[in-house]
Amino acid sequence: ADHPVARRAIAWLKRDQKADGSWWGRWGVSYLYGTFSALSGLRAIGVEMSEPWVARAVAWLKSVQNPDGGWGETCLADNDPALKGKGNSTPSQTAWALIGLIAGEDEISDSAIRGVTWLLERQNSDGRWEDTEFTGTGFPNHFYLRYHMYAHYFPLMALGRFRRRMAERASR
């Protein structure tokens, strides 16, 4: 985090962060994707995750969790920020939020547990998940994609990170 290039990147993230704590993302829809990506990178580079601006991002993720325990965001959020973090829960977007929470928090929150439960309860008997919504961005406000593998590898990544964090907690 002290490298000059990293310091410039961190300063950019601080400037680009929305007032509610979220970040807009480019390849996935949209603020869930951007926020999980930023939080993951910040932890990986060694930023202190208890800083208020980071905590604001974690609080935003928690605030947009759906009552069913998952997360979802409509493609329309690209054009209407009032819709950010709002939509039907999907495996990929739930995984993004879960990865963001695991990166942004040192402990495992109830929101993270609810997200893990959502993923586990919706896993098919063959071990896969199905995304029925468009969660990939082709060109914002013009066309969106359904990357079929998003529904498989992002939940696996999230569950793997959750498992690793739980193992770390157990070894303390």
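If a/c stays under 1.5 just call it rounded; otherwise compare a/b with b/c (prolate if a/b is bigger, oblate if not). Do that for the range 128-172, with a ≥ b ≥ c from the square roots of the Cα gyration tensor eigenvalues.
prolate
If you take the C-alpha gyration tensor of the range 9-60, multiply each eigenvalue by 5 and take the square root, what semi-axes do you get, largest first, in whole Å? Each step should come with its number before you reach the end.
Numbers: eigenvalues 49, 29, 20 Å².
Values for the range 9-60, descending: 16, 12, 10 Å.
Identify all aspartates and glutamates with a Cα-Cα distance to LYS84 below 12 Å; exclude those on the same chain that are fewer than 8 residues away in sequence.
Output for LYS84: ASP20, GLU73.
State to the nearest 20 debye the size of the charge dipole of the chain about its Cα centre, where the only charges are +1 on K and R beta carbons and -1 on D and E beta carbons.
Around 380 debye, computed over the chain.
Which of these, GLY46, GLY70, GLY21, has the largest mean-square fluctuation under a Gaussian network model of the chain (Cα springs below 10 Å)?
GLY46
Based on the alpha-carbon gyration tensor of the range 1-137, what equivalent-ellipsoid semi-axes (square roots of 5 times the eigenvalues) come out, in whole Å, largest first?
25, 17, 13
Give me the accessible area per residue for the chain, probe 1.4 Å, as a whole number in Å².
On a per-residue basis, 50 Å².
Sort 94-103, 32-41, 134-143, 51-60 by packing, meaning the average of other beta carbons within 10 Å per residue, with the highest value first. Before the final figure, lay out the partial values.
Values: 94-103: 29.0, 32-41: 24.8, 134-143: 14.9, 51-60: 17.3.
Highest mean packing first, the order is 94-103, 32-41, 51-60, 134-143.
Could you point to the residue in VAL58, THR132, SER171 farthest towards the positive end of the chain's charge dipole, with +1 and -1 charges on the Cβ of Lys/Arg and Asp/Glu respectively?
Projecting each Cα onto the dipole axis, the largest value belongs to SER171.
The values are calculated or read from the model by the stated rules, or taken from the named source; none is laboratory data. Owing to the predicted nature of the structure, the values given are computational and were not obtained by experimental measurement. So basically every Cβ, Gly included, is an ideal-geometry build from the backbone, and we count neighbours across all protein chains shown. Note: areas computed on protein heavy atoms with side chains; ligands, DNA, RNA excluded. Shrake-Rupley method; radii C 1.70, N 1.55, O 1.52, S 1.80 Å.
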